[in-house]
Amino acid sequence: MLPTFLSKIARKFPDVRIHISSGNTGDIIRNLESGQINLGFIRPVENIGSLRFFSIAHERYYLAVGHSNPLAKRDDISIDDLRDQKIIAFNRQNLSFTERYFNEKFEEYDLTKNIAYSCDDTWSLVSLVSAGLGIGFAPEWTLELPNRAFELKKVRGVDFRIGLGVAWNKEDPTASRDDIVDIARSLARPGKVGSRA
């Protein structure tokens, strides 16, 4: 999604200078509120404060498995098939909706003991999976990563989706901010949009 967004901005504003930074939703919200960044792609949160938010998509989470993992060759995988696998799980400072969902699944299927690694971001998770250290659930946007050394597989018994949206500070005086927000809105997938003030 980010490459498409940046491409559209570059076409409309050919002389624009952009700095890209990454972080989790909490970090991005704090940076928006303090004026350190102008616009951010975030997961929905209960309290967005004085920021504006527009939902642009819902993403499904799939099982990320390294190319050399035997599960990579299987078309049909159930959650019970994970019993002999080392699991890489999210463990963030603030318990996220994603983390809560998968922790409950792991507990329900007695897989908590299989958690060999934990990390606080998606990049780390897919890097560990790519290195063959285990499996983990990752959002579908990871399919767009270049040179990825893992496959994403659907798992029977796991059906998790999470929203993605764009947030900005309504007080931000950035020139052409509304045009840039409109470009972000144009990325919305049909039937999966909405806004919050």
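The values are calculated or read from the model by the stated rules, or taken from the named source; none is laboratory data. This one's a predicted model, so the numbers in the text were calculated from it and none came from an experiment. Heads up, the Cβs are rebuilt from the backbone with ideal geometry, glycines too, and the neighbour counts pull from every protein chain shown.
Just one of the listed residues (110, 121) is of a type in the set (Asp, Glu) and surrounded by fewer than 13 Cβ atoms within 10 Å (Cβ to Cβ), and it is 110. Scanning the stretch 22-42 for residues that are closer than 26 Å to residue 146 by Cβ, part of a loop (DSSP other than H, G, I, E, B) and modelled with pLDDT of 85 or more yields a single hit, 37.
Within the stretch 128-144, the set of residues being over 11 Å from residue 62 (Cβ atoms) and surrounded by fewer than 16 Cβ atoms within 10 Å (Cβ to Cβ) comprises 131, 132, 133, 144.
Exactly one residue out of 52, 30, 60 is of a type in the set (Lys, Arg) and without any contact (Cβ under 8 Å) to a residue 60 or more places away in the chain: that is 30. Of the residues that make up the stretch 158-179, is at least one part of a helix (DSSP H, G or I) and either among the acidic types (Asp, Glu) or within 20 Å of the chain's Cα centre (by Cα) (or both)? Yes, the stretch 158-179 contains at least one residue that is part of a helix (DSSP H, G or I) and either among the acidic types (Asp, Glu) or within 20 Å of the chain's Cα centre (by Cα) (or both). Among the residues of the stretch 82-102, the ones that are crowded, with 18+ Cβ neighbours inside 10 Å and in contact with a helix residue (DSSP H, G or I) (Cβ under 9 Å, 6 or more places away or on another chain) come to 7 in all.
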